[in-house]
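Structure, as structure tokens:
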Amino acid sequence: MRTPLSEQALNEALGELPHWERAADALTRTFRFASFREAISFLVRVAFVAEELNHHPEIANVYNRVTLTLTTHDAGNKVTSRDVELAKKIDHFCWVD
């Protein structure tokens, strides 16, 4: 079982993830792309990174908008270091603000 981040650790992590927000016990971010095709290409990249980490986000896609929600199920649906790692990797390759 994974260990959830403390409040202090979560706040520090959010300081390093300026486009992400805390939503209840999860990290979330909405991305807006120029087109549906661009949004889907982003999701494909997310899928490959998520598979590498064996940690998968909740995904919502409407046309050019993608919302990702990160939480760790085996930590009681709380944020762990795995969620922060995935968010950082996504931010690294994401081409929109």
*of a type in the set (A, V, I, L, M) and within 16 Å of Asp97 (Cα to Cα), is that true of Leu5?*
no
*Checking Asp74 against (1) farther than 17 Å from Asp91 by Cβ; (2) touching a residue at least 60 places away in the same chain (Cβ under 8 Å); (3) in contact with a strand residue (DSSP E or B) (Cβ under 8 Å, 6 or more places away or on another chain), which single condition isn't satisfied?*
(3)
*Picking from Ala87, Ala60, Ala47, which residue would you name as being under 12 Å from the mean Cα position of the chain (by Cα), closer than 17 Å to Arg22 by Cα, not hydroxyl-bearing (Ser, Thr, Tyr) and not in a strand (DSSP E or B)?*
Ala87
_Qualifying residues in the stretch 8-53 (those that are at pLDDT 95 or above and of a type in the set (Asp, Glu)) - the one surrounded by the most Cβ atoms within 10 Å (Cβ to Cβ)_ = Glu38
*Where residues in the stretch 63-78 are β-branched (Val, Ile, Thr) and out of contact with any Ser or Thr (no Cβ under 6 Å at 6 or more places or on another chain), which of them is farthest from Phe36 (Cα to Cα)?*
Thr71
*For the stretch 1-44, enumerate the residues that are of a type in the set (A, V, I, L, M), out of contact with any helix residue (DSSP H, G or I) (no Cβ under 9 Å at 6 or more places or on another chain) and part of a loop (DSSP other than H, G, I, E, B).*
Ala24, Ala34
*Restricting attention to the stretch 63-84, report how many residues are of a type in the set (D, E, K, R), within 17 Å of His19 (Cα to Cα) and crowded, with 16+ Cβ neighbours inside 10 Å.*
1
*Any residue in the stretch 64-78 that is of a type in the set (D, E, K, R) and either within 10 Å of the chain's Cα centre (by Cα) or not in a strand (DSSP E or B) (or both)?*
yes
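The values are calculated or read from the model by the stated rules, or taken from the named source; none is laboratory data. Predicted, not measured: the structure shown is a model, and the values here were computed from it. Every residue, glycine as well, gets a Cβ built from its backbone with ideal geometry; the counts of neighbours run over all protein chains shown.
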